[in-house]
Amino acid sequence: MKSFKKIAIPISLGVLGFVILNSCSVGIPKGAVAVKNFNSDQYLGKWYEIARFDYKFEKNLDNVTASYSLNPDGTIKVQNRGYDYMKKQWKESIGEAKFVNDKSEARFKVSFFKPIWSGYNVIDIDENYQYALVVGNNTKYIWILSRTTEIPESFKQRFIAKAQKLGYNTDHLIWVKHDKV
């Protein structure tokens with residue numbers, strides 16, 4: 001039994017390490033470029049999720065918002081909130097975001113369950129910081145955000161076209177309802 005423990009513990013730790021390292025992908029999809037000359041102060045505040053892919057962690061959620069605020073240590077507090085229309089209850093997750101490089105590039109790593117970090121890349125934003133296209137570390141993660149519950153058709157089409165050029169199947173986008181604002 002002792003020799004089994006000697007083998008099982010290192011293998012378990014190795015598997016755990018592999019899972020953690022592979023879960024900590026903070027990359028950016030091939031061909032995508034994060035916004036340069038990014039103004040993080042202007043990005044702070046409340047955003048409404050307009051569209052996304054169907055993620056396990058957002059399953060059955062409508063009325064989804066993301067609020068960003070500055071933490072005392074310079075990191076960014078991420079507060080996601082949505083209404084689970086199946087369970088008829090609000091859900092909330094609080095995480096932390098850090099810049100991958102410097103504050104002038106809109107590339108973040110975000111964690112809701114440390115030490116697991118994921119990529120969060122703003123790849124398109126209007127000059128007034130009202131509408132944004134955000135992607136994860138690969139073409140499985142995408143969000144269209146707005147400061148209001150709606151987005152002008154021109155920005156919707158602009159973001160969809162950009163996503164399609166990067167290989168996103170935008171036919172799979174879920175258009176989020178906002179009826180409990």
Accessible carbon and sulfur surface of the chain relative to its total accessible area, %, 1.4 Å: 55
Accessible-area value, Leu70, 1.4 Å probe, nucleic acids and ligands omitted, Å²: 100
Loop-located GluC sites (Glu not before Pro) in region 93-160, at most 15 other Cβ atoms within 10 Å (DSSP): Glu127, Glu150
Region 107-181: C-alpha gyration tensor shape, a/c 1.5 cut-off, then a/b vs b/c: prolate
Exposure of Thr65 as accessible area (Å², to 10), given a probe of 1.4 Å and all protein chains: 20
Formal net charge of residues neighbouring Asn101 (Cβ-Cβ distance under 14 Å; K, R +1; D, E -1): +3
Angle between the chain longest axis and helix 153-165 axis [Cα atoms, degrees, rounded to 10]: 40
Overall form of the chain per C-alpha gyration tensor (a/c, 1.5; a/b vs b/c): prolate
Candidates Asp73, Asp41, Asp62, ranked by Gaussian network fluctuation over the chain, Cα under 10 Å, top entry: Asp73
Pairwise label distance in nanometres, Glu150 with Phe113, each label 7 Å out on the Cα-Cβ vector: 3.8
Ranked order, Ser69, Ser111 - accessible area, probe 1.4 Å, largest first: Ser69, Ser111
Estimated vicinal HN-Hα couplings, Hz - region 106-120 in sequence order (Karplus 6.51, -1.76, 1.60; Gly, Pro = x): 7, 10, 10, 10, 10, 9, 10, 9, 5, x, 8, 10, 10, x, 9
Relative contact order (%) - criterion: Cα under 8 Å, at least six apart; region: the chain: 26
Top of Gln79, Gln42, Gln130 by mean-square fluctuation, Gaussian network on the chain, Cα under 10 Å: Gln42
Subset of Lys56/Lys77; Lys140/Lys177; Lys36/Lys162; Lys88/Lys114; Lys36/Lys140; Lys36/Lys98 violating a 26 Å alpha-carbon distance limit: Lys88/Lys114
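The values are calculated or read from the model by the stated rules, or taken from the named source; none is laboratory data. Computed from a prediction, not measured in an experiment: that's the story for all the values here. Cβ atoms come from the backbone with ideal geometry, glycine included; neighbour counts cover every protein chain shown. For accessibility, only protein heavy atoms count, side chains too; no ligands or nucleic acids. Shrake-Rupley method; radii C 1.70, N 1.55, O 1.52, S 1.80 Å.
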